[in-house]
Each structure stands twice: as C-alpha cells, then as structure tokens.
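See below for the structure under consideration.
The values are calculated or read from the model by the stated rules, or taken from the named source; none is laboratory data. Note that the structure is a prediction, hence the values are computed from the model and not measured. Cβ coordinates were reconstructed from backbone atoms using ideal geometry, including for glycine residues, and neighbour counts include every protein chain displayed. Calculation scope for accessible area: heavy atoms of the full protein, side chains included, ligands and nucleic acids excluded. Shrake-Rupley method; radii C 1.70, N 1.55, O 1.52, S 1.80 Å.
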Amino acid sequence: MTHANVEIGSAGGRRLANTGLYAIYAVAVLFTLFPILAVVMLSMKQPSEVFSWPPTFLPATLNLDTYIYVLTETTIGRMLWNSVFLTACSTAGCIAISAPAAYAFSRLKFRAQKPLLLILLVYQMISSMVIALPLYRYFEALGLLDSHMGVILVYITVEIPFTVWLLKGFFDAIPPSLDEAARIDGASRLQVLRIVILPLAKPGLAAALIFNVIAGWSQFIIPFILIQRAEMLPISIGVLNFAPGQTEGEITIPYLAAASIIAMLPALTMFVLLQRYIVQALTGGAVKG
Amino acid sequence: MSQVTIANVRKTYGSATIIPDVSLDISDGEFVILVGPSGCGKSTLLRMIAGLEAISGGDIAIGGRVVNNLQPKERDIAMVFQNYALYPHMTVADNMGFSLRLSKVPKAQIAEDVAKAAKILGLTALLDRYPGQLSGGQRQRVAMGRAIVRNPQVFLFDEPLSNLDAKLRVQMRAEIKELHQKLKTTTIYVTHDQIEAMTMADKIVVMRSGVIEQIGAPLELYDHPRNLFVASFIGSPSMNLIHGRVEGGHFVSDGGHRLPLPRATAGLEGRPLVYGVRPEHLALADDGFEVEIAVVEPTGSESHVLARLGDNDLTCVFRERITLRSGDRVRVRPEPDNIHIFDAQSGDRVIQV
Amino acid sequence: MTSTSSSAWARVQDSPWFWLLPAGLFLLVFYTWPLLDVVRLSFTNASLVAPDYDYTFDSYRRVLRDPSTLRTLKVTFLFAGGSVILKLVLGMALALAIDAGVKRGLHGIVLVRTSVLAAWVIPGVVVGVLWKILLSTSSHGLLNYWIQAAFGNSVGFLTDPDIALSTAILANVWRGVAFTMILLYAGLQRIPPELYEAARVDGAGAIARFRFVTLPTLAPVIFIALVLITIGGINTFDLIMALTEGGPARATEVVGLRVYQQVFQFMNLGRGAALAVLLLAVNLLMTLIYLRLLRINRKTD
Ligand SMILES: Nc1ncnc2c1ncn2[C@@H]1O[C@H](COP(=O)(O)OP(=O)(O)OP(=O)(O)O)[C@@H](O)[C@H]1O
Ligand SMILES: [Mg+2]
C-alpha cells in the first residue's frame, strides 16, 4: 500500500491529526450504534425493569424472554414470513424484468432510448404515495386488497426504474465486442445475455439484489395502503402494532424493542455479508446515472 | 466455394454517409487486407460483412449466398477482434469451443476439435487457463484458435495485432500468414499498418473516407499507385512528393529546381503536377540534382537522410553507410524507372512509367 | 442450415421492444396509468366510500385555501431542508475523515463505514421506533434521564411542538448520512491527486486545498447529492409515521402524511389526490433541477 497523500510534517503533528481522525470515527460509530444498542439492551429488560428509576443502559440480567415471547406468542413470525415472501418474490421479479430492459438500453440503439431512460429517472423520484391512491381503488375494485400478489406487482414496478439504471451501468462496463464475438460464435441475443453478460455482471446483479432486498424489506407506503388484514402485513408495518396503545402503557416497550430488532436483523445481516457490493455500486457511479 | 462479393454497399448513420458505394470481389482462399487511415470505414465494412452492422444499401454475398439479412451466426464466418474479445469467465478450451457448444456439437467432438486447433497454435498447455492468466500474444492466439475451431468459410480480422508490441507483431504476422497458407480459408483483414498489408496480403484494398482508392497486389500498389493518396499511404518512409510542372523536357519544381523525367512526357506541359519518387529510389550520383542535408538517421542496415531541395523536404534511403553531416550538399538522382507523375488537381497518376 | 423460424425469432430479438415489453407493461399499468388517474381524480370530488363523483376544481380550491396546506408544505420543506444541510455537512466531514484515514493507512475504516451504512439499511419505520424509544420522556427514556441528570429538566423531543420537527430531522439524518457520505466519498476518489500536489507546491495549506481544490471539483457531486437528499426528504413518510404520526399538534405533518389522512381518514379522495398532485409537482420540479445538474456535469466532465 502506498499512502501518496500523507502530509509531510513532524511525527507529532501527524500523530495529532491521526488522533483527531480516530476521534471523528469514534463519534460517528457511537452516534450510529448507540440507538441500536440502547434498544437491544431495552429489549432484554424484564417488563418490570422498564418502570425502575433511574433507567439503566444495561439490563439487570441478559435474558431473551422478550424475544421468545414475541416470536412464539405474537404474529411476528407470520409477519416476518410475509416480508420474506414479498421481498423475495419482488426482488426476483424485478431483476428478471429489469435485466432485459437494461440489456436493450445498454446494447441496442433506438430512437426512444434517451426519452425512456429519462422517464425511468423521473419515475424513480416520485413518491409512492402518489400512485398508491389510485392503486387502492383499482385493487379494491378487483378484490386484490390484502393480496400479496397485488402488492408484489407494485413493489416490482416501483423498483424497476432504479434497477434498470443500476444494471445498465454494469452492462455498459462490459466490452460490446464480447457480445459480438458471441453472436458470431452463434449465440442469439438472449443467449448473449444469459451466457456472456449476466455472468460478467455478477457484481451488478449482487448490487441489484441487495438494493431490492433492502427496498423491499423497508417498503411502507404500498403495503400500508394496500394491505389491511393483520396476518398479511409485512414486518415493516407490523412493528407498529407493538407500539404501546393507551391501555397497556409502558409495559409493552421491551416487546416493541425486541420486535424492532427482529425487524431490522434480516436486512442488517444481509447488508453486513454483502456490503462490499453495495459500496462498489454506490461508489461506481451507478446511482448517479 | 467461399468467395465474398460486395456489390454497391452503402452505409449511413442517420444523415452521415460513412460508405457511399463500395464494390469488391474476393475470391476463394484469398487473403485480402483493407487498409486506410483511421476513421475511413474499414471496420464498418468488415462489420457489415460479419453482420454486426446493418447495411444501408447494396448486397453482400458469401459463398454465392446473399447474406444481407442473415444473423452473424448464419453467415458461416469467424472474427478476431482487436481486443481479442475472449470471454473472461471461460477457460481457453471453453472459449475455443464456445461456438461448437452453441451449435450442439457433442462434447467429445468439441474436445477433439479444440485440441486440434490448440495444437496448430501451440496452445495445448494453456487450455485450462483463463484469459486473465495469459499474455497478450497468447490471448491473440486463443482468439485465432476460437476462429479456426469452427472451420468457417471466411475469417475476419479487425486490427488483431495492434495491441501487441512491435516484436510480437512481426512474429504473429508470420504466424497468421503461415496459418493461412495451411488452411487456405478466405480471409479479410483490417489494419491501418501498411507494413502488415504489404507483408501479408494477396490483395490490398486501400480505402479513404469510405471510398476504395485502389485494389491490387502489394507490389502492384507499390510500383503503380493509382493516385497521390495510395502513393503516399503505401511504402515507408513514404514517397517524396514535389509540386511543379513540366517545362522543356524537365520537371521544374515550384521552387525552380529541375528534376529529371522519364521519356514519355508528351502533352504534360503547362498544368500543375506532382513529382513522386520513393526514398529508396534516390541514389547518390554526380549527375544528380543538388540537395542540402538536414538530418542523417543511420538505422544500421541503411541510412535515412532528410534533405532539402529548396522548400521541399526530401527523404532518401541509402543502402550504404554515409558520412554526411547536416549542412553538407550532395547530388542525388532518382531511378528513371521509378518516377511517378500525378496530376496536382485530381491526384491521379498521369503517366505510366 | 437455419430455418426461417429461428431467423424470425432472432429478428424479434433485434427489436428493443422485445426486451422492454415486460418492464414497459409493468410501468404502464402500475405507474403511468395511476399517475394519470391521480391527476384526473384531483379534479373530482370523489370520496373513498361513495362510488359517484363529479368533476370540479373544488378540491384544488379547498386545498389551496386551507391554511394547513401551507403549514404542511412548510413542515415538509423545513424537514427536507434541515435534513439536507445536516446530511451534507456531516456526510462531507465523514467522507473527508474516511478519505484521509484511508490515505494515512489508519485502522478500522471498514468498521466505521459499515456501522454508518448499517443505519441506512434499517427500515424507516424501525428507525422511527428506535428514536421514539430512545427519546421518550417516560421512565425508560434513557437519553432524557441523562439530560435531566445533567441539566435538571427533560426535553420534550417528541412532545414539544417546537422541538419535534428537529427530532424528526435528527432521526432522518441518522438514517441517511451514510448515503451522502458514500456519494461524496466516491466523488473525492475521482479528484486527481496531482491537483492536490500542485496546490501543495503552490503553497496551499489544508484549508486552502479544501477551499480551492476539493470544493470546486466536488461541486457537481455535492449538487447532485443535494437534490437526491431533498427528494428523499420530501417523500419521507414511514419514519415520521412511526416517530410522531405527524404530531404533536401537527408539527411534523409532512405532505405524504396529509395525503394519507385526507384519503384514508377523511375519505376525501378528491382532496387527497389534489394534494398528491402537489407532491408530484414538487417531485417533478426537483427532478428537473436534477437533470439540469446532470447535464451540466456531463458538459464539464
Ligand atoms: N455508430 C456510429 N454512428 C455514427 N458514426 C459512426 C458510428 N460508428 C462509426 N462511425 C463513423 O464511421 C467512420 C468509420 O468508422 P470505422 O470504425 O469503420 O473506421 P476505421 O477505418 O475502422 O478506423 P480505425 O482505424 O480507427 O479503427 C468514422 O468516421 C466513425 O466516426
Ligand atoms: Mg477500426
């Protein structure tokens, strides 16, 4: 490793600067992790501890009772499953539909190319709330309210613009002469996409996968409006059901905390495992169009 | 039979005409090289033959079959790209066998054909490697291997050697030529390197701005360039060109210098002309015209001399080692059989020497 | 030999529409059509419950006359604007710190980057819940207990109308600063090191280098980040829904929330649609600015 831009100066000055940087890192990490950790700690408290004054950061005992309770006695398992199902289906569907479109935008020349790419960009900027109102009416008329199928179709739609742009960026980085060689070797365009482009765009597919999973897991407006039956709700909305109502008061706070942690855990795990691809996609310019 | 016929082919991008009207016949087994400066449309023409670009007009036939509307894979051609275009995620063997795999040839057969091609090209030891683990020359060879495995009617090459260093280029030049002599497959080869064209081609096609300037065997182009463009494009260092006119049996340059002419000069008097002589056709001679030496570049085997004749630069290549210095004055004489006269306006050659 | 059918199939694949058809269908049916329909609905007095409606400008008239519309817009822009400023400043500081750390070969950069980005992965609702728990004035509100211990009285982060919007901004910044940081960090990587070296030879100190090299070269990226964050801020719904539900005293009621309430609480589809069109107009305006910036960037590249 070379450190080309290291300031030339006294060792003392350098050490001071390094200390300053480490201080900034510490503040950043603390700022980010403290809320998460505090809620993790809270989720391990017994309901009775919630009333004890003064409140403590650490629970009296580390116990997972709240988690066991939330996972076994509430519908959270069902909600998690709903989220997994919605996210998985919409991610797979969105990538399957976006990849061919990205291929066309990357490899074919046609007059509507630029305008269509622009429209995609515009769609990416519009709040889902705008389209959710009419969709509610259609779905109600068609009896699609409370159906996962309907919600998946909308999830796919709202993620298509970004996914197409993302994949197009990665496809563009593959030399077109590879396609041409494959075409001369006898491949149809579909085969070119499947055998040459997709394998070489694996980092792009990984990025698309992660972004779609994160977006799908976080979807709120669409299921909030299009799903009402509790057993059909994804966890991103279901968490709200754990918020203490007027009657229960504080007693359920640890359950809310536990539910929150459970709700963020899958997305977080996936992110930590695959973050390399996210950073790559974000820094590679794919997002900026 | 795998002759290639190009008849009145046109290419336009929107309102821009890249190739106005090109016709070219290539016979079975011929090694044809398209040369021309960058941007003249060589690659475009080649890619139209390959089916990678649509043609805007005219006909292209391969082996007597018009292929205008056929997909690349239906044209029975193979192509080697400048950047080799090897599939980075496949081994050398898989790269070479890819076309056979797509046409559903049995695995055993593929392995056999690949092994055979690999042997011809000396790639046998590399079959399990990935392109990323190969040197430039090896990649180039794999790209050729991928082409010959299919045993196509026509090979297409687009500047296949331009990413190699000079020494490797000379070696690969010989290998490609040898391969062609062995396989005798019709070959169309694009380059902007006229030395490649001279050394490898059966027939050279010189292009400029989408137009064919001359077609002919290498030495024919060298000896009888049809116009100023071909004259200056073929040959290295390139031909000396001096503007002037014919007066009283001599060529008089615009700067007033007299140059000798071959016999047949009748009817040339008066109009502006260009006098062309190749550097290697100038010799030191006491009865020549006087020039002033500007730079001497000994290459070892010969001496390149940049001299001045009035305002004109004159490059000379002498076989002998010479002891001239900048500022010296010497007399040189063109070989009378190798003097070219062109019309200054049209650029066309006006007398056949 | 190739059959004509395979050749026809290949020709079909040469057409862009073959590739665009699935995506196009989805976008047409589930995006473009609803988009047009919401504009149409905004010119009606439709209700969520009654099937019949008339065409009228009444929805717009009511929405535009309603003082709470203005307040909602103000809240939305304050929320978006506050988030933008904080995210840009903090994101820039972090990007510079990480960039400097990488160049100095410091340890733990990946840990910093990962933990900061982690917040960005958490669903907005959960972010709202986390901060709601953390800032609560109830007995489990850890932060407020510490504040009380230090300053003597607690802060109504979520209950004081004057503070709640700032709280929402804080939570939003917590969630999104990493995204800004990564965008800016990517921009920093694209500044040629020779520029810094030349500036250093010319005698520029660290601050002068930031002022005369980093900022100007990074300006296009900063502007783009600015627009993207603004749009994200304007469209925020989930976080506020979980954190404050628009309260207290509607102090955090952003446009999206109001659209939702008009339609699903007051059943007033026409007025909700008119508000949604307002939101759409703001979105389109921001996108226009974004495209302008992209074009300027292309030219200067
Ligand atoms: N897609 C395109 N749209 C418009 N013009 C094009 C396109 N592709 C090529 N051209 C133009 O066509 C001309 C011929 O290009 P071509 O690639 O055939 O040149 P070339 O002779 O192969 O040059 P080089 O030696 O540099 O490879 C060039 O002027 C080029 O700018
Ligand atoms: Mg070319």
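What's the longest piece of chain A with no exposed trypsin sites (Lys or Arg not before Pro), counting a site as exposed if DSSP puts it in a loop and it has at most 13 other beta carbons within 10 Å?
A:112-228
As a check on your grasp of the helix formula, calculate [θ] at 222 nm for chain B: sum -39500 (n - 2.57) over DSSP H runs of n ≥ 4, divide by the residue count, round to the nearest 500.
-7500 deg cm²/dmol
Gaussian network model of chain C, Cα springs within a sub-10 Å range: biggest mean-square fluctuation belongs to which of C:40, C:113, C:209?
Greatest mean-square fluctuation among the candidates belongs to C:209.
Would you mind giving the mean number of other chain beta-carbons within 10 Å of the Cβ of each residue in C:231-242, as a whole number?
Rounded to a whole number, the mean comes out at 4.
Mean-square fluctuation check for chain C, GNM, Cα pairs under 10 Å: which of C:274, C:50, C:23 is largest?
Comparing C:274, C:50, C:23 in the GNM, the peak value goes to C:23.
Rounded to the nearest 500, what is chain C's calculated 222 nm mean residue ellipticity when only DSSP H runs of at least 4 contribute -39500 (n - 2.57) each, over all residues?
-24000 deg cm²/dmol
Can you list the HN-Hα couplings for segment C:185-190, worked out from phi with the Karplus curve (6.51, -1.76, 1.60; θ = phi - 60°), rounded to whole Hz and with x for Gly and Pro?
4, 4, x, 4, 5, 8
Please quote Rg/Rh for the protein assembly as shown to two decimal places, taking the Kirkwood radius as Rh and restricting both calculations to Cα atoms.
Across the protein assembly as shown, the Cα-based Rg/Rh ratio is 1.10.
What per residue convex hull volume, in Å³, do the alpha-carbon atoms of chain C yield?
Convex hull volume per residue, Cα atoms: 250 Å³.
Take the cross-link list A:109/B:11; B:104/B:203; B:42/B:107; A:202/C:103 and give me the ones stretching past 27 Å between alpha-carbons. Walk me through the numbers on the way to the answer.
Details: A:109/B:11 16 Å; B:104/B:203 36 Å; B:42/B:107 37 Å; A:202/C:103 29 Å.
Cα-Cα > 27 Å for B:104/B:203; B:42/B:107; A:202/C:103; rest within.
What percent do you get for the relative contact order of chain B when only Cα pairs under 8 Å and 6+ apart count? Mind showing how you got there, number by number?
On the way: 722 pairs, mean separation 54.5, N = 353.
Reported relative contact order: 15 percent.
When Rg is the radius of gyration of the Cα atoms in segment B:4-225 and Rh is its Kirkwood radius, what does Rg/Rh come to?
Ratio value, two decimals: 0.97.
Over chain A, what per residue volume does the convex hull of the Cα atoms give, in whole Å³?
Values: hull volume 61.5 nm³, N = 289.
It comes to 213 Å³ per residue, whole-number rounded.
Given the C-alpha centroids of segment C:59-96 and segment A:44-123, what is the distance between them in whole angstrom?
26 Å
If you keep only loop residues by DSSP, which chymotrypsin sites (Phe, Trp or Tyr not before Pro) in segment A:28-81 have at most 13 other Cβ atoms within 10 Å of their Cβ?
A:57
Taking the Cα centroid of segment C:128-185 and of segment B:1-49, what is the distance between the two, rounded to the nearest whole Å?
70 Å
By how many nm would the segment from residue B:28 to residue B:247 lengthen if fully extended, with 0.36 nm per residue of separation less the alpha-carbon distance?
74.0 nm
Report the FRET efficiency, 1/(1 + (r/R0)^6), for residue B:7 and residue C:58, where r is their Cβ-Cβ distance and R0 is 45 Å, rounded to 0.05.
0.05
Please state the charge dipole magnitude for segment C:87-213, taken about the Cα centre, from unit charges on C-beta atoms (+1 on K and R, -1 on D and E), reported in debye and rounded to the nearest 20.
260 debye
From largest accessible area down, sort A:236, B:43, B:301; use a 1.4 Å probe on the protein chains.
The residues order as B:301, B:43, A:236, largest area first.
Mind listing the long-range amide H neighbours of residue B:328? Cut-off is under 5 Å, sequence gap 5 or more, other chains count too, H placed in the peptide plane at 1.01 Å from N.
Amide H neighbours of residue B:328: B:293.
Mind putting a number on the dipole of segment C:29-300 about its Cα centre? Charges go on the C-beta only, +1 for Lys and Arg and -1 for Asp and Glu, and I need it in Debye to the nearest 20.
Value, rounded to 20: 700 debye.
Less than 14 Å from a label point 7 Å out along the Cα-to-Cβ axis of residue B:108: which backbone N atoms in segment B:84-102 qualify, by residue?
none
Taking every DSSP beta bridge that has both residues in the protein assembly as shown, what percent is antiparallel when rounded to the nearest 5?
Numbers: 58 of 76 bridges.
Roughly 75 percent of the DSSP beta bridges within the protein assembly as shown come out antiparallel.
Looking at C:30, B:191, B:121, which one has the Cα that reaches farthest to the positive end of the dipole of the protein assembly as shown (charges on Cβ: Lys, Arg +1; Asp, Glu -1)?
Working it through, the farthest residue towards the positive pole turns out to be C:30.
Taking N as the number of residues in segment C:141-294, what value does Rg over Cα atoms divided by 2.2 N^0.38 Å take?
That ratio works out to 1.42.
I'd like the GluC sites (Glu not before Pro) in segment B:292-341 restricted to DSSP loop residues with at most 10 other Cβ atoms within 10 Å, sorted by number. It would help to have the intermediate numbers written out before the result.
Values: sites: B:292, B:302, B:320; in loops: B:302, B:320.
Those that pass, being in a loop and sparsely packed, are B:320.
Report Rg (one decimal) and Dmax (nearest whole number) for segment B:237-343, counting Cα atoms only, units Å.
Expressed in Å, the Cα Rg and Dmax of segment B:237-343 come to 13.7, 44.
Would you please give the FRET efficiency between residue A:14 and residue C:267, computed as 1/(1 + (r/R0)^6) with r the Cβ-Cβ distance and R0 = 56 Å, to the nearest 0.05?
Working: r = 66 Å, r/R0 = 1.18.
The pair residue A:14/residue C:267 has a calculated efficiency of 0.25.
Report, in degrees rounded to the nearest 10, the 0 to 90 angle that the Cα long axis of helix B:107-121 makes with the longest principal axis of chain B.
20 degrees
Order A:103, C:145 by their accessible area, 1.4 angstrom probe, all chains in place, largest first.
The ordering from most to least exposed comes out as C:145, A:103.
Rounded to the nearest Å, what's the spacing between the alpha carbon centres of segment B:53-81 and segment B:318-349? Just the number, please.
Distance between centres, Cα-based: 45 Å.
With a Förster radius of 30 Å, plug the Cβ-Cβ distance of residue C:295 and residue C:209 into 1/(1 + (r/R0)^6) and report the FRET value to the nearest 0.05.
E(calc), rounded to 0.05, equals 0.55.
222 nm [θ] for chain A, helices only, -39500 (n - 2.57) per DSSP H run of 4+, per residue, to 500?
Working: 11 runs with 194 residues, N = 289.
Result for chain A, helices only: -22500 deg cm²/dmol.
Over chain C, with a Gaussian network built from C-alpha contacts below 10 Å, which listed residue (C:114, C:244, C:287) shows the highest mean-square fluctuation?
In this elastic network of chain C, the residue with the biggest mean-square fluctuation among C:114, C:244, C:287 is C:114.
Roughly how tilted is helix B:136-149, in degrees to the nearest 10 and between 0 and 90, from the longest Cα axis of chain B?
Rounded to the nearest ten degrees, it is 60.
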